[in-house]
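Have a look at the structure below, then the notes.
Bear in mind that the values in this text are calculations on the coordinates, not laboratory data. Not measured: the values here are computed from a predicted model. Note: ideal-geometry Cβ built from the backbone for every residue, glycine included; neighbour counts use all protein chains shown.
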């Protein structure tokens, strides 16, 4: 008898635990249904469109902020160009002449008649088994 | 302008390729020389054993080592001539016919050496190998003459090449002066004087280098005589003088281009 009561108590306890879970599931299902219905309304579509536009606007502003403002042209020198420093057209001379002449001087200086790279190989010219 | 840029790029590329070929030829020569050094060591060791024991196995070993060292020695000379060929290819200041004639001379010697190597490796007996060795030895004078000639032509031609570039630089200095705002007449006169000096020195440099180049070209593939040595010494002295003249020319141009 006591055992039977215990069994009844246990089964009633199990039933008591199942009821709130089902209610929760129903609640969620109802909310989802409500949301789905709301998503079909024009009001939702308008709100979503505004949201997308705001995101696009934020992206555009971020991109514009990365582009530096146009640099101002440098101010003309306050002191006049010295007479001894002639101006040249860059198309005539893209590299400073002084640097070119220094290169030529260096190249000429390094030019040797007895270039070590071209020295005659030191070979044994008298290879023989019989001669002493 | 586009054409100019294309020409500039192509020129730089061709110079780069030429330098790379010379560097490769240098590496090949080093490799062949190391090879020769090893086989020469083996030859010396087997030869010493043969001289000491006089046995048939010692003779066979010495003979095999002899063939290998003869072959590797010819490979060194061939690599040396290949290096000279690449040097000629990368050097300016000489006509195509001069360059081609010299390269042809070197190629002919390399062909001889390739054949020599084949014969050395196929020698049937010690006597045959030794005859080949004597033949090789008899070529030494001619090879010294040929390399001395190419070295001289390369040296004088390099001077001519730098002189040509200095002439172009003078043109640039003149253009720059024409477009400059220099109002100091004495400064302008001084610069003009330096340009004139530079031009004179370049003219002298080119005359002397061309003379020296022609003189080097008269050296023949022959035994080394007193006359050969005299030609070499005179031509070399002329080239060295031309180098000094060109150094003065570049200094004068640098002074004329002061501040540019």
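Taking region B:105-151 on its own, how many of its residues are more than 28 Å from the chain's Cα centre (by Cα) and assigned to a loop (DSSP other than H, G, I, E, B)? Total meeting the criteria: 4.
Answer yes if at least one residue in region B:133-142 is facing chain A (nearest Cβ under 9 Å) and in contact with a helix residue (DSSP H, G or I) (Cβ under 9 Å, 6 or more places away or on another chain), and no otherwise. Among the residues of region B:133-142, at least one is facing chain A (nearest Cβ under 9 Å) and in contact with a helix residue (DSSP H, G or I) (Cβ under 9 Å, 6 or more places away or on another chain), which makes the answer yes. Filtering region A:116-132 to residues that are more than 7 Å from every other protein chain (Cβ to nearest Cβ) and closer than 23 Å to residue B:22 by Cβ leaves A:116, A:119, A:122. Selection over region B:164-212 of residues that are surrounded by 22 or more Cβ atoms within 10 Å (Cβ to Cβ), within 11 Å of another protein chain (Cβ to nearest Cβ) and either more than 15 Å from residue B:254 (Cβ to Cβ) or free of Cβ contacts under 8 Å to residues at least 40 places away in the same chain (or both) gives a count of 2. Scanning region B:213-230 for residues that are closer than 22 Å to residue B:108 by Cβ and within 14 Å of chain A (Cβ to nearest Cβ) yields a count of 3.
Among the residues making up region B:246-259, those that are part of a helix (DSSP H, G or I) and crowded, with 21+ Cβ neighbours inside 10 Å are B:246, B:249, B:250, B:252, B:253, B:254, B:256.
Take region B:235-258 and flag every residue that is facing another protein chain (nearest Cβ under 8 Å) and without any contact (Cβ under 8 Å) to a residue 60 or more places away in the chain.
B:240, B:247, B:251, B:254
Among the residues of region B:15-63, just one is away from chain A (no Cβ under 12 Å) and not in a helix (DSSP H, G or I), namely B:55.
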